[in-house]
Amino acid sequence: MQMSFWDTEPAKPEFIFENEKKKLIDNMNYLMTMSVEEQTLYKKWVELQEESMIRDKSTMAALYDVQWKPTDINNKELTIQ
(Lines give C-alpha, C1' and ligand atoms only; values in the text may rest on other atoms or scores of the structure.)
Protein backbone atom coordinates (compact mmCIF):
# COMPACT_ATOMS: atom_id res chain seq x y z
CA MET A 1 0.00 0.00 0.00
CA GLN A 2 1.43 3.32 -1.05
CA MET A 3 0.98 6.33 1.26
CA SER A 4 0.17 9.72 -0.17
CA PHE A 5 1.28 13.00 1.31
CA TRP A 6 -2.10 13.61 2.94
CA ASP A 7 -1.98 10.29 4.81
CA THR A 8 0.98 11.51 6.87
CA GLU A 9 -0.65 14.65 8.29
CA PRO A 10 -0.45 14.57 12.09
CA ALA A 11 -3.72 14.33 13.97
CA LYS A 12 -4.92 17.68 15.25
CA PRO A 13 -5.54 17.85 18.98
CA GLU A 14 -9.19 17.72 19.89
CA PHE A 15 -10.53 20.98 21.29
CA ILE A 16 -12.80 20.26 24.21
CA PHE A 17 -14.46 23.53 25.14
CA GLU A 18 -15.28 22.71 28.77
CA ASN A 19 -11.74 21.51 29.50
CA GLU A 20 -10.18 24.62 27.95
CA LYS A 21 -12.67 26.86 29.76
CA LYS A 22 -11.72 25.24 33.09
CA LYS A 23 -8.00 25.69 32.37
CA LEU A 24 -8.56 29.38 31.61
CA ILE A 25 -10.59 29.96 34.76
CA ASP A 26 -8.06 28.09 36.90
CA ASN A 27 -5.23 30.17 35.43
CA MET A 28 -7.09 33.45 36.01
CA ASN A 29 -7.86 32.44 39.60
CA TYR A 30 -4.19 31.59 40.11
CA LEU A 31 -3.12 34.98 38.74
CA MET A 32 -5.63 36.77 41.00
CA THR A 33 -3.79 35.44 44.07
CA MET A 34 -0.60 37.25 43.02
CA SER A 35 0.48 40.85 43.36
CA VAL A 36 1.12 42.80 40.16
CA GLU A 37 4.87 42.30 40.60
CA GLU A 38 4.46 38.54 41.03
CA GLN A 39 2.16 38.34 37.99
CA THR A 40 4.66 40.21 35.85
CA LEU A 41 7.53 38.00 36.94
CA TYR A 42 5.45 34.83 36.47
CA LYS A 43 4.31 35.82 32.97
CA LYS A 44 7.88 36.64 31.96
CA TRP A 45 9.06 33.28 33.34
CA VAL A 46 6.35 31.47 31.32
CA GLU A 47 7.40 33.39 28.20
CA LEU A 48 11.03 32.40 28.70
CA GLN A 49 10.05 28.72 28.88
CA GLU A 50 8.74 28.78 25.29
CA GLU A 51 10.76 26.63 22.89
CA SER A 52 11.79 29.58 20.70
CA MET A 53 13.10 31.51 23.71
CA ILE A 54 15.09 28.52 24.99
CA ARG A 55 16.62 28.08 21.54
CA ASP A 56 17.65 31.78 21.40
CA LYS A 57 19.13 32.08 24.91
CA SER A 58 22.73 32.07 23.67
CA THR A 59 21.93 34.89 21.25
CA MET A 60 20.26 36.87 24.03
CA ALA A 61 23.26 36.31 26.30
CA ALA A 62 25.62 37.64 23.61
CA LEU A 63 23.44 40.73 23.10
CA TYR A 64 23.23 41.32 26.84
CA ASP A 65 27.00 41.60 26.99
CA VAL A 66 27.12 44.36 24.34
CA GLN A 67 24.14 46.45 25.43
CA TRP A 68 24.67 49.99 26.60
CA LYS A 69 25.04 50.43 30.34
CA PRO A 70 25.11 53.91 31.86
CA THR A 71 28.24 54.80 33.78
CA ASP A 72 27.09 58.20 35.06
CA ILE A 73 23.47 59.07 34.26
CA ASN A 74 24.02 62.62 35.56
CA ASN A 75 26.72 63.30 32.97
CA LYS A 76 24.62 64.58 30.05
CA GLU A 77 27.41 64.57 27.45
CA LEU A 78 28.56 61.04 28.30
CA THR A 79 24.99 59.77 28.30
CA ILE A 80 24.21 61.31 24.88
CA GLN A 81 27.47 59.99 23.44
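What the table shows:
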read-out: Span from the region 45-81 Cα centroid across to the region 9-39 one, whole angstrom; value: 31 Å
read-out: Computed helical MRE - 222 nm, the chain, DSSP H runs ≥ 4 contributing -39500 (n - 2.57), nearest 500; value: -17500 deg cm²/dmol
read-out: Pairs from Lys23/Lys44; Lys12/Lys43; Lys22/Lys44; Lys23/Lys43 whose Cα-Cα separation, in the structure shown, is over 25 Å; value: Lys12/Lys43
read-out: Environment charge of Glu50, counting only residues whose C-beta is closer than 14 Å and scoring Lys/Arg +1, Asp/Glu -1; value: +1
read-out: The chain - percent of accessible surface contributed by carbon and sulfur, probe 1.4 Å; value: 60 percent
read-out: Karplus-derived 3J(HN,Hα), 6.51/-1.76/1.60, for each residue of region 38-45, Hz, glycine and proline x; value: 5, 4, 4, 5, 4, 5, 5, 4
read-out: Dipole magnitude of the chain about its Cα centre (Cβ charges: Lys, Arg +1; Asp, Glu -1), debye to nearest 20; value: 180 debye
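The values are calculated or read from the model by the stated rules, or taken from the named source; none is laboratory data. From a predicted model like this one, the values you see are computed outputs, not experimental measurements. We place every Cβ from the backbone using ideal geometry, glycine too, and count neighbours over all the protein chains shown. Remember, those area values only see protein heavy atoms, side chains included, never the ligands or the DNA or RNA. Shrake-Rupley method; radii C 1.70, N 1.55, O 1.52, S 1.80 Å.
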